[in-house]
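J.: Can you keep this structure in mind? I'll have questions shortly.
The values are calculated or read from the model by the stated rules, or taken from the named source; none is laboratory data. Quantities reported herein were computed from a predicted structural model and do not represent experimental measurements. Because the Cβ atoms are built from the backbone with ideal geometry, glycine has one as well, and the counts that use them run over all protein chains shown.
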Amino acid sequence: MRPLQAEDYTQLSQSFRRTYTDSSDVFWSHVQIQKLINIFPEGQIVTVVDDLIVGCALSIIVDYERVKYDHTYSDITGKETFSTHNPKGNILYGIEVFIHPGYRGLRLARRMYEYRKELCETLNLKAIMFGGRIPNYHEYAAILRPKEYIQKVHKKEIYDPVLTFQLSNDFHVRKVMTNYLPNDEESKHYACLLQWDNIYYQTPSVDFIPQKSFVRLGLVQWQMRTLETIKDIFEQVEFFVDAVSDYKSDFVLFPEYFNAPLMAKFNHLGESHAIRELAKFTDETRKRFVQLAISYNINIITGSMPELRGNDLYNVGFLCRRDGTYETYEKIHVTPDETKSWGLSGGKIIKTFDTDCAKIGILICYDVEYPELSRIMADQGMQILFVPFLTDTQNGYSRVRICAQARAIENECYVVIAGSVGNLPRVHNMDIQYAQSGVFSPCDFAFPTDGKCAEATPNTEMILVSDVNLDLLTELHTYGSVRNLKDRRNDLYELRLKK
C-alpha cells in the first residue's frame, strides 16, 4: 500500500467503476481526485501489485455531529466537492473502496481497512464511519424489513457481500438510513450507518497517550503425522495460518523440518537420498507460504526445510512478509546427526530482518545454543528472536529451551520457540519428537518473574498466541535493574563478524 498520487488517475479511471455515487458518472473526475490528495493526502491510498493498482480507498475527516444522524452521500461529501472535510473533526469517514475483480479473495480490502484503523488511532479520531450499502437486500425486501435483514446477516443466516464483510471487520450498525444513495436500487435506497470505535481515543481536553508497541505472536506446535503430498501438508499449514490470523497476529512461527512427512515415500532410498528428495519441494513450499502471507495479512516464519545448492545441502527457512517480499535464513551450526545421516552443510547468513512491526532475528534449533549469534543480532537492534526447532528427546528440548531463556536475558529481547510433537514411524532419523513451544522475556520487573510469557502444553498439537510489548524493551535498555547490553565491558572484549 502507498499514498494515492495524481499520476495514478489514468489507471484508476480505466480499471474501476464507482460504487458510491448519486450521479451517472463512471468515475471521479481528475479534479476531484486531485482535491482529495490536496486536502487529506494520508486518507487516500492505493494497493499496488507489480506496478498495477488493484485497490483504492478514499476518505475524509468530518465532525461527529454531522454524521451521527440521518444523512445522504451527497450531504456528507458536499455534493462531491468535499467541502465538508474538516481537519479538526473527529470522524474518519470512508467515501469509497475499490478492489479490482481479478484480485478479490486476497483480503486486500481488509488490509486497507486495517490501514484506516491505524490512521484513525494515529490521528486520535473518535471512530471510522460510513454509509454501507446492503446490495442483496432487494432479494428479501418483499419479506423482510431492513432491520430484520440486518439481524439475519449478523446471525450469518443471509450473506451480504458488503454488510457481512463490514461486520467481520469489527464495524457495528448504528442505524438504518433512507435515501443515502437514491440510485441504489439493489439496496432499495437503504444504507447502514456503520461505525468502528477507536478505543485509544482521547478527548481533546486530555493529553493524547500514544498506543504502546504491542506485537502479537502466533506459534504452531505441529503434530507429525502421515501426510503424503504437499497439498496435504498445506491443508494443515493453511488451517493454522487461518486460525492464528483470526486472532490478528503479526507473526506465525512453524517448526524446523515441519514437512518431514513427505520423506516417507522416499524412505527406501536411504536417509541422505530421502532428504534430498524432500529438498525438491522447497521452491514450491516457499511460493505457497508467500501467497498465504499476502492472503492472510501475516508475517510467516516458515520453520525450516532442506535446500540443495549444487551438491551441497543446507537447512534453510524463509521470512515471508505480508507485503509479498521474502528473505532466507540458514542454520549455521548443523548437529553431528545432521552431518552423519544427511550430509548437511552449515550456512553463512547471520543477520537481522526488518518487518512492519519489529526488527527480528531467526536461529534454527542448535544455533540458539551459540550465544555469539544472537549477540551479533542484538547489536544490530534485534527485538524478537524466533527459534524453530526439532528435538526428539526431553534432553534435547531442554538444551534449546534453557538456551533460549538465556538469550532473552542476555540480549534484552523476546525469544519465541516452536517445535513439533508426535512421531513418523515410516521416516528414518525422524522417529519421535518432543516439544513445548513458548515465548520468553528478560527477567526484570516489567516482565514475568520467571521470564515465561506463555507456554504451550507439552507434546500436544496446538497454537499459542501471545502479545509482547516492545516499549518495555526500550525502557529496559535504559532503566532496567540490570542492563546486560549497556553494561558490557567493551574496553576489555568485543564480538564481531568475520568478513
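J.: Which residue out of D367, D379 is within 14 Å of V415 (Cα to Cα) and of a type in the set (D, E, K, R)?
T.: Selected residue: D367, the only one of D367, D379 that is within 14 Å of V415 (Cα to Cα) and of a type in the set (D, E, K, R).
J.: In addition: Determine, yes or no, whether T77 is in the same structural domain as C192 (by TED's automatic domain parsing) and surrounded by 15 or more Cβ atoms within 10 Å (Cβ to Cβ).
T.: yes
J.: For the structure I just gave you, tell me whether I300 is assigned by TED's automatic domain parsing to the domain that holds Y434, in contact with a helix residue (DSSP H, G or I) (Cβ under 6 Å, 6 or more places away or on another chain) and outside any strand (DSSP E or B).
T.: no
J.: What residue, of D471, D450, is of a type in the set (D, E) and within 15 Å of R401 (Cα to Cα)? Working first, answer last.
T.: Working: D471 fails: within 15 Å of R401 (Cα to Cα).
When all the criteria are applied, what remains is D450.
J.: Provide a single number: the residues in region 461-476 that are of a type outside the set (A, V, I, L, M, F, W, C) and under 28 Å from M224 (Cα atoms).
T.: 3
J.: Inside region 31-47, can you point out the residues that are polar (S, T, N, Q) and assigned to a strand (DSSP E or B)?
T.: T47
J.: Now for a different question. In region 80-93, how many are among the hydrophobic types (A, V, I, L, M, F, W, C) and crowded, with 20+ Cβ neighbours inside 10 Å?
T.: 2
J.: Still on this structure, I have one more. Could you look through region 255-314, keep only residues that are among the acidic types (D, E) and out of contact with any Pro (no Cβ under 6 Å at 6 or more places or on another chain), and pick out the one that is modelled with the lowest pLDDT?
T.: Keep residues of region 255-314 that are among the acidic types (D, E), which gives 256, 271, 277, 283-284, 307, 312.
Those still in the list that are out of contact with any Pro (no Cβ under 6 Å at 6 or more places or on another chain) too: 271, 277, 283-284, 307, 312.
Values: E271: 89, E277: 94, D283: 96, E284: 97, E307: 97, D312: 95.
Ranking the candidates gives E271 first.
J.: I need the full set of residues from region 223-278 which are over 25 Å from L363 (Cα atoms) and of a type in the set (D, E), in order please.
T.: E228, D232, E235, D246
J.: If V176 passes every condition in (1) touching a residue at least 60 places away in the same chain (Cβ under 8 Å); (2) in a strand (DSSP E or B) but one, which one does it miss?
T.: With (1) touching a residue at least 60 places away in the same chain (Cβ under 8 Å); (2) in a strand (DSSP E or B) applied to V176, the lone miss is (1).
J.: Okay, next question. Filter region 462-499 down to the residues that are among the aromatic types (F, W, Y) and modelled with pLDDT under 90 and list them by number.
T.: Y479
J.: How about region 338-375: which of its residues are in contact with a Gly (Cβ under 9 Å, 6 or more places away or on another chain), in a helix (DSSP H, G or I) and of a type in the set (A, V, I, L, M, F, W, C)?
T.: Matches in region 338-375: C365, L373.
J.: Based on what the data block shows, is A264 over 27 Å from the mean Cα position of the chain (by Cα) and within 24 Å of E461 (Cα to Cα)? Don't jump to the end; show me each part of the working.
T.: Working: over 27 Å from the mean Cα position of the chain (by Cα): yes; within 24 Å of E461 (Cα to Cα): yes.
Judged against the criteria, A264 is a match.
J.: On to the next question. Considering only region 331-346, how many residues are buried (at least 21 other Cβ atoms within 10 Å of the Cβ) and within 31 Å of the chain's Cα centre (by Cα)?
T.: 2
J.: Evaluate the following for T10: is it over 19 Å from C192 (Cα atoms) and either loosely packed, with under 13 Cβ neighbours inside 10 Å or more than 31 Å from the chain's Cα centre (by Cα) (or both)?
T.: The answer is yes for T10.
J.: Across region 397-423, which residue is surrounded by the fewest Cβ atoms within 10 Å (Cβ to Cβ) among those that are of a type in the set (D, E, K, R) and under 15 Å from K486 (Cα atoms)?
T.: Within region 397-423, the match that is surrounded by the fewest Cβ atoms within 10 Å (Cβ to Cβ) is E410.
J.: Of all the residues that make up region 424-448, how many are among the polar types (S, T, N, Q), modelled with pLDDT of 95 or more and either surrounded by 24 or more Cβ atoms within 10 Å (Cβ to Cβ) or out of contact with any strand residue (DSSP E or B) (no Cβ under 9 Å at 6 or more places or on another chain) (or both)? First the steps, then the outcome.
T.: Initial filter on region 424-448 (among the polar types (S, T, N, Q)): 429, 433, 436-437, 441.
After this cut, where a residue has to be modelled with pLDDT of 95 or more as well, the list is 436-437, 441.
Now narrow it down to the ones that are either surrounded by 24 or more Cβ atoms within 10 Å (Cβ to Cβ) or out of contact with any strand residue (DSSP E or B) (no Cβ under 9 Å at 6 or more places or on another chain) (or both): 437, 441.
Summing the residues that are among the polar types (S, T, N, Q), modelled with pLDDT of 95 or more and either surrounded by 24 or more Cβ atoms within 10 Å (Cβ to Cβ) or out of contact with any strand residue (DSSP E or B) (no Cβ under 9 Å at 6 or more places or on another chain) (or both) in region 424-448 gives 2.
J.: Can I230 be described as of a type in the set (A, V, I, L, M), closer than 30 Å to I417 by Cβ and in contact with a Phe, Trp or Tyr (Cβ under 6 Å, 6 or more places away or on another chain)?
T.: Yes.
J.: Run N395 past the list (1) under 28 Å from S249 (Cβ atoms); (2) more than 25 Å from the chain's Cα centre (by Cα); (3) modelled with pLDDT of 95 or more and report the number of the one that doesn't hold.
T.: Of (1) under 28 Å from S249 (Cβ atoms); (2) more than 25 Å from the chain's Cα centre (by Cα); (3) modelled with pLDDT of 95 or more, only one is false for N395: (1).
J.: Which residues, counting only those in region 64-74, are surrounded by 13 or more Cβ atoms within 10 Å (Cβ to Cβ) and not hydrophobic (A, V, I, L, M, F, W, C)?
T.: Within region 64-74, Y64, R66, K68, D70, H71, T72, Y73, S74 qualify.
J.: Residues in region 235-242: is at least one touching a helix residue (DSSP H, G or I) at 6+ places or on another chain (Cβ under 9 Å), in contact (Cβ under 8 Å) with a residue 12 or more places away in the chain, assigned by TED's automatic domain parsing to the domain that holds R322 and not in a helix (DSSP H, G or I)?
T.: no
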